[in-house]
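The values are calculated or read from the model by the stated rules, or taken from the named source; none is laboratory data. Model, not experiment: these values are computed from the prediction. Quick reminder, even Gly has a Cβ in these numbers, built from the backbone with ideal geometry, and neighbours come from all protein chains shown. With ligands, DNA and RNA removed, areas are computed over all heavy atoms of the protein, side chains included. Shrake-Rupley method; radii C 1.70, N 1.55, O 1.52, S 1.80 Å.
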Amino acid sequence: PEETVTSSFASFIHASRPEHLSKTVCHRSKRMILDSIGVGLVGSTTHVFEIALQYCRLYSSVAVSSVYGKPGVKLSPTLAAFTNGVATHSMDFDDTWHPATHPSGAVLPALLAASQMLPPSAKPNGMDFLLAFNVGLEVQGRLMHFSTEAHDIPKRFHPPSVVGTMGSAAATAKLLSLGTAQCMHALGIAASLAGAPMANAATQAKPLHIGNATRLGFEAALLAARGMEANPLILDDIPGCSGFSAFYSVYQPKPLSKPSDHHEFLLEKQDIAFKRFPAHLGMHWVVDAALSVRNLFINYAGSFSPSLIRTIVLKIPVSKYINRPFPSSEHQARHSFQFNACTALLDGEVGLSSFTESSIHRQELRELLDKVVVEHPEDNVANFDKMYGEVALLLHSGDVLTGKCDTFYGHWRKPLSKESLLKKFRSNASHVLPEEKIETIITMVDNLENLSDSSQL
């Protein structure tokens, strides 16, 4: 039969082999896996995670898959994937790619759950796991490159709820060794399970987007494995009948070449962004800019004295859902340029404790927020590859101090060092695990390609 975009993706999923992963791709993806596990572990301490876990424990099912941060607690594979996906995004602490999505959280929980689901005779090894993870990343990235709209900070739907569901389906299909036709149907089924509106950003519902993506993609692969069929042209651009193009106003798909045809994984060319603190990625620009101008202010005045500041000017891109002058909850605070800039100015850092109720409602922070004025320069576009953050302090003396950041530490152009990534992982994991288990995970992920049974992870 004639090759289509959809069939090319299915052939890619089926034909991918461990030897197609370069050293760079293996190295970068292992960093993603380690970071995502750490983020999921600390995320298991949150209120929204507890809500999701209690919901899932209502169901009586085959409980074989582990839950982040809950030793001894197991759920059915798909519900474990869902719960761990919620944990991963519960603090908005997970990795971000370009075009904008959170790739690891939508894939890793499904693979962890599936590894425990499979019988001893069919357990995938670490290299199988690493390959499936990268197949899930690749499908997400390729789909997002089909639309120019996907390059900008989203307005209509949360990208991981769409491409993440497809990536989870592809990764799970690979781990389960589905045939080409089954892989094609898994993608088609996943497309019918995808999507979440941006209006639920900055609420407790947003982590459900990642939980649903990893769970529903997993379920799509399971349904395809049992013979369910879907539209075999779901990724193609068919005039008059939307498939995956329903999610994008501009959609120009291209076939995906088989790895044997000198395929280069996107992760080879495009590294990932790791967050240093738990908030929307856009916040990292204004925080670094705020910390820069704070240092100038201390050199100027000897200490940070808010009473000397008349106005705080933030120069940020236009993005309505992260422009929040006075956030009243932790989830709103994680999506507020104003809150994160002022917290950095006041405290000299932004961290886990910055988003507690007591920190959010401080009088001294409110007084700083009252001084904020937002500007949207035309050259500051809502795009994670092109945007910048600028914080200017207009003092009562008439002097102006300015800090600017166009590439924060942790961005793909300025990657976290190994030491910084390990520090973040150890800090996150220490909230729920003893030191010896933390170090075991680090060693296991670092040597993942040599692991004989990936369910040990």
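Could you please find all residues in segment 423-451 being in a helix (DSSP H, G or I) and either farther than 24 Å from residue 410 by Cα or among the aromatic types (Phe, Trp, Tyr) (or both)?
Across segment 423-451, the qualifying residues are 425, 435, 436, 437, 440, 449, 450.
Given 10, 15, which one is in the same structural domain as residue 442 (by the TED database) and within 26 Å of residue 96 (Cα to Cα)?
10
Evaluate segment 237-251: report whether one residue or more is in contact with a helix residue (DSSP H, G or I) (Cβ under 9 Å, 6 or more places away or on another chain), within 19 Å of residue 371 (Cα to Cα) and among the aromatic types (Phe, Trp, Tyr).
no
The rows are residues; the columns are (1) over 19 Å from residue 201 (Cβ atoms); (2) open to solvent by 10 Å² or more (accessible area, probe 1.4 Å); (3) in contact with a Ser or Thr (Cβ under 9 Å, 6 or more places away or on another chain); (4) touching a residue at least 40 places away in the same chain (Cβ under 8 Å).
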position: 38; (1), (2), (3), (4): yes, no, yes, yes
position: 63; (1), (2), (3), (4): yes, yes, yes, no
position: 73; (1), (2), (3), (4): yes, yes, yes, no
position: 85; (1), (2), (3), (4): no, no, yes, yes
position: 88; (1), (2), (3), (4): no, no, yes, yes
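Quickly run through segment 129-148 and pick out the residues that are crowded, with 22+ Cβ neighbours inside 10 Å and among the β-branched types (Val, Ile, Thr).
Scanning segment 129-148 gives 135, 139.
Please identify the pairs in which a residue from segment 368-396 that is closer than 20 Å to residue 308 by Cβ and open to solvent by 10 Å² or more (accessible area, probe 1.4 Å) has its Cβ atom under 8 Å from the Cβ atom of a residue that is in a loop (DSSP other than H, G, I, E, B) and of a type in the set (Val, Ile, Thr), counting only partners at least 6 apart or on another chain.
Going by the 8 Å Cβ cut-off, the qualifying pairs are 390/316.
Would you confirm whether any residue within segment 173-194 is under 18 Å from residue 33 (Cα atoms) and in contact (Cβ under 8 Å) with a residue 40 or more places away in the chain?
Yes; the residues of segment 173-194 include at least one that is under 18 Å from residue 33 (Cα atoms) and in contact (Cβ under 8 Å) with a residue 40 or more places away in the chain.
Might you let me know whether segment 50-59 holds any residue that is free of Cβ contacts under 8 Å to residues at least 60 places away in the same chain and open to solvent by less than 10 Å² (accessible area, probe 1.4 Å)?
The answer is yes, given that some residue of segment 50-59 is free of Cβ contacts under 8 Å to residues at least 60 places away in the same chain and open to solvent by less than 10 Å² (accessible area, probe 1.4 Å).
Is it the case that some residue within segment 117-128 is among the acidic types (Asp, Glu), part of a loop (DSSP other than H, G, I, E, B) and surrounded by fewer than 24 Cβ atoms within 10 Å (Cβ to Cβ)?
No, segment 117-128 has no match at all.
Could you list all residues from segment 156-175 that are under 24 Å from residue 285 (Cα atoms) and under 17 Å from the mean Cα position of the chain (by Cα)?
Listed by number, the residues that qualify are 157, 158, 159, 160.
Can you pull out the residues in segment 231-251 that are hydroxyl-bearing (Ser, Thr, Tyr) and touching a residue at least 12 places away in the same chain (Cβ under 8 Å)?
Across segment 231-251, the qualifying residues are 248, 249, 251.
Restricting to segment 337-353, give me the number of residues that are open to solvent by less than 10 Å² (accessible area, probe 1.4 Å) and of a type outside the set (Val, Ile, Thr).
Qualifying residue count for the region: 8.
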